[in-house]
Amino acid sequence: MPRDPYEVLGVPRDADDAQIKKAFRRLARELHPDVSSSETAEEDFKEVAEAYEVLSDPEKRATYDRYGWDGLRSGGHTPPDFSGFGSLSDIFDAFFGGGAFGGAPGGPVQGGDIAVTVDIELEQAATGAQVDVSYDAIARCEHCHGNGAEPGTPIETCARCGGAGRLQAVSRTPFGQVVRTVECDACGGDGRVARTPCGECRGRGRRVRRRTLTVDVPAGIADGQRIRLSGRGHEGERGGPAGDLYVQVRVREHERFVRDGDDLVTILDLSAPRAALGTRVRVPLLDGSEEAVEIPEGTQPGATIVLRGRGMPALRRGRPGDLRIVVNVVVPRRLDRRQRELMQELADSLGEENMRSDESVFTKLRRTLFAS
């Protein structure tokens, strides 16, 4: 079953048409396969497109709000098929009309956004880090300075579009026939063509270049959060602004600590005798140091000891999280003869008073089944 379209677009259930359209524009620019380097870009974009198709149609939206996806399916709704569209601008034209990418024919066009992923360790997420990110981006050709012509050769009016930079085209879409104003395929929307195309970029005026940037990862960042670098995406056309670079951070799993919000959770294995007697142990912290912790006498399995402020730093202003130490009481196994004798002696000496608990049966079950 598809995800909730409101969740997909990231809008509230009472969102108006303007909010829905704005959310779709933003996500489509970011997730379209022509722009995104993600392996799931095509599936992600189709999901966003279907969500927009449902929420932008008052009748479909009302049906979904009342009956969910089952109601839409029974009404004959099928996911949109974009195989007939060649580029991201074509899809924007189908939804919003010509010029959805901004700018008049032949005018500036903003460059697309780029999404990349970096992997860091939990320790780096706690302290902040600088990581190098490499990616491919469209940039202006340095040989022809972006005009597409071999230096010293003239640029002429495009014969195909007469200098308009746009052509009219009719396409069959899931929404019926759509008359689109598309970019001229001969001049790329510029209205002019080079008599002698640049030998470096073949007249395109732009080339794909490999870039490497050092990105500052802030302390406290969580797995899946993104860092936006303005103007580091694909370069715009005809003087348009460059797109943005989105760096998605993935925090690798740690062998000892699990993150829960700004808190860290770890397990402390403790033998049953030590839990019964109480003890003092040294617990490792994320930064590699250790802290002494008092284990009270009679500590039960699943008991939690909290070290205030020893968790993750807050990404924004606020106090750091805590370190929650969950006690795992281990019952000894593979006892030798002497150990067995001692354990038997202890068992024989225990009475009802030693086993009595102030907890109810329900509380015991809850602590056992739902202990973190």
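Each peptide in 315-323, 245-253 was scored by the mean count of other Cβ atoms within 10 Å over its residues; highest first, the order is 245-253, 315-323.
For the stretch 257-358, what class follows from the C-alpha gyration tensor (a ≥ b ≥ c being the square roots of its eigenvalues): rounded when a/c is under 1.5, otherwise prolate if a/b is larger than b/c, else oblate? Because a/c hits 1.5 or more and a/b exceeds b/c, the stretch 257-358 counts as prolate. Near Arg66: Cβ cut-off under 12 Å, other residues only, Lys/Arg at +1 and Asp/Glu at -1. The net charge is -1. Starting from 0.36 nm per residue, how many nanometres of slack lie between Glu200 and Val306 once their C-alpha separation is accounted for? In short, 31.9 nm is gained.
Fully extending the segment from Val330 to Glu253, taken as 0.36 nm per residue of separation minus the present Cα-Cα distance, adds 25.3 nm. Taking 0.36 nm per residue of separation and subtracting the current Cα-Cα distance, fully stretching the chain between Glu42 and Asp132 would add 29.8 nm.
A simple count of charges around Glu156, restricted to other residues whose Cβ falls under 12 Å of its Cβ and scoring Lys, Arg +1 and Asp, Glu -1, yields +2.
For Arg160 and Glu123, a Förster radius of 45 Å and the Cβ-Cβ distance give a FRET efficiency of 0.15, rounded to the nearest 0.05. Label separation (Glu341 vs Asp260): 4.4 nm, computed from points 7 Å beyond Cα along the C-beta direction. Summing Lys and Arg as +1 and Asp and Glu as -1 over all other residues whose Cβ lies under 9 Å from the Cβ of Ile305 gives a net charge of 0. Charge dipole (Cα centre; +1 on Lys/Arg Cβ, -1 on Asp/Glu Cβ; no other charges) of the stretch 178-314 amounts to roughly 1080 debye. Calculated FRET efficiency, Ser349 to Asp17, Cβ-Cβ distance, R0 = 56 Å: about 0.15 to the nearest 0.05.
Taking the average, over residues, of other Cβ atoms within 10 Å as the packing measure, peptides 295-307, 39-51 rank 39-51, 295-307 from highest down.
Averaged over residues, the count of other Cβ atoms within 10 Å places the peptides 188-201, 147-160 in the sequence 188-201, 147-160, highest first.
A short reminder: the numbers here are calculations on the coordinates, not readings from a lab. Predicted model, so just to flag it, every value in this text is computed and none were measured. Neighbour counts run over all protein chains shown; Cβ positions are idealised from the backbone, glycine included.
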